[in-house]
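Asker: Below you'll find the structure I mean.
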Amino acid sequence: PPRLTLPTASGEVGMAGCVSYPDWLLGTWDVSNTLQRFVMPLGSALVDPLTQLSAMDDLRRDETLRYLLRWTRDGTGACVQDRAFNGAQEAAAFLGDLGSVAASVFATPPDAPHGRLRIDFEPDGGGAGGG
């Protein structure tokens with residue numbers, strides 16, 4: 001079966017410096033993600049305690065997250081990931097019942113040639129809340 005590999009050093013990029021992917025990845029994929037281990041190759045001093053506790057809790061729960069990921073063509077015809085869609089899908093899957101994604105926008109402003117992803121969250125229960 002096809003395998004996704006790391007981009008080569010040939011400089012193969014899509015629009016605005018985005019990494020391009022093989023054409024077989026085009027479309028929307030149903031992803032299953034199960035955390036199998038958590039490592040800190042540079043030591044625990046570089047990983048905040050909340051991240052460590054969260055990862056250990058994820059390992060203990062042994063849960064499989066399911067979400068969608070999408071790849072499309074950019075203006076040059078290269079296969080690129082839909083970063084706004086993928087970011088929102090992954091964030092929502094990892095949040096679970098703790099909150100929801102209100103909006104997700106990906107842009108490539110001049111000061112960020114590889115792009116900038118903004119994800120806005122809503123607290124558990126959603127909605128802006130009134131007063």
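The values are calculated or read from the model by the stated rules, or taken from the named source; none is laboratory data. Note that the coordinates shown come from a computational prediction; the quantities given were computed from them, not determined experimentally. Here the Cβ positions follow ideal geometry from the backbone for every residue, glycine too, while neighbour counts run over all protein chains shown. Heavy atoms of the whole protein, side chains included, go into the accessibility calculation; ligands, DNA and RNA do not. Shrake-Rupley method; radii C 1.70, N 1.55, O 1.52, S 1.80 Å.
Asker: Take PHE106 and tell me if it is surrounded by 14 or more Cβ atoms within 10 Å (Cβ to Cβ), within 30 Å of TRP24 (Cβ to Cβ) and of a type in the set (Phe, Trp, Tyr).
Answerer: Spelling it out, PHE106 is indeed surrounded by 14 or more Cβ atoms within 10 Å (Cβ to Cβ), within 30 Å of TRP24 (Cβ to Cβ) and of a type in the set (Phe, Trp, Tyr).
Asker: Now a separate question. Using the structure shown, decide if THR72 is touching a residue at least 24 places away in the same chain (Cβ under 8 Å) and within 16 Å of the chain's Cα centre (by Cα).
Answerer: It is true that THR72 is touching a residue at least 24 places away in the same chain (Cβ under 8 Å) and within 16 Å of the chain's Cα centre (by Cα).
Asker: Restricting to region 40-55, count the residues that are open to solvent by less than 90 Å² (accessible area, probe 1.4 Å) and not polar (S, T, N, Q).
Answerer: 5
Asker: Which of the residues belonging to region 31-52 are touching a residue at least 24 places away in the same chain (Cβ under 8 Å) and part of a loop (DSSP other than H, G, I, E, B)?
Answerer: Correct list: LEU35 only.
Asker: State which residue is nearest to the chain's Cα centre (by Cα) when the search covers only region 103-113 and only residues that are without any contact (Cβ under 8 Å) to a residue 60 or more places away in the chain and farther than 20 Å from LEU69 by Cβ.
Answerer: Looking at the filtered set, the residue picked out is ALA112.
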